[in-house]
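What follows draws every value from the coordinates through simple rules; no lab data is involved. All of these numbers come straight from a predicted model, not from anything done at the bench. No Cβ is skipped: glycine too gets one built from the backbone with ideal geometry, and neighbour counts run over all protein chains shown.
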Amino acid sequence: MNRFDFTPYRRSTVGFDRLFDLLENNARAQQTENYPPFNIERSGDDHYRITLAVAGFKESEIEITAQQNLLLVAGSKDSDENEGKQFLHMGIANRNFERRFELADFVRVDNALLRDGLLVIDLVREIPDAMKPQKIAINSGDDNVTKIDHKPKKSEDQAA
């Protein structure tokens with residue numbers, strides 16, 4: 001069992017509690033959760049794809065829920081489907097499942113497709129314009145510079 005101790009990092013950082021909690025919770029969940037198998041791939045700077053092997057599931061038996069920073073994929077099979085059948089070997093897992101994926105900020109689900117027993121979920125990271133880095137122009141010419149005169153103006157009273 002691989003267990004990481006984040007205590008030294010927690011002592012020297014501020015505001016990263018959520019990140020360390022995610023890492024610890026994810027490590028615990030991976031030890032118990034291995035169905036259905038999945039791939040996560042990056043297809044560009046801001047494009048991701050999650051592919052789950054959900055053989056035997058229909059679209060109506062799979063539910064995808066996107067919340068803030070969380071993607072939940074759940075599948076539920078009717079137990080009545082296998083009733084009355086006698087299996088000599090049952091190697092295809094047709095059990096209910098729930099997979100959770102923690103998403104970064106500004107990541108949204110773009111598309112979901114079920115084909116050939118694979119559920120493909122496309123994700124896109126869309127950073128708002130206000131959060132993107134901006135270049136700031138530097139004015140170097142004297143054309144746009146407004147000069148401020150701090151000397152008091154002479155009034156007509158002082159002139160006389």
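Excluding residue 42 itself, what net charge comes from residues whose Cβ is under 12 Å from its Cβ, given Lys and Arg +1 and Asp and Glu -1? List each step's numbers first, then the result.
Details: positive: 49, 125; negative: 41, 45, 46, 122.
With Lys, Arg at +1 and Asp, Glu at -1, the net is -2.
Per-residue HN-Hα couplings for region 106-113, Karplus 6.51 cos²θ - 1.76 cosθ + 1.60 at θ = phi - 60°, whole Hz, x for Gly and Pro?
Each residue of region 106-113 in turn: 6, 9, 10, 7, 9, 6, 9, 9 Hz.
List the residues, sorted by chain then number, that are 5 or more residues from residue 118 or on another chain and whose placed amide H is less than 5 Å from its amide H.
54
On each of the three principal axes of the Cα atoms of region 55-137, give max minus min coordinate, whole Å, ordered largest first.
Principal-axis extents of region 55-137 (Cα, largest first): 75, 22, 20 Å.
Mean separation of Cα pairs under 8 Å and 6+ residues apart, divided by the residue count of region 36-133: what relative contact order is that in percent?
Values: 154 pairs, mean separation 31.0, N = 98.
The normalised contact order for region 36-133 reaches 32 percent.
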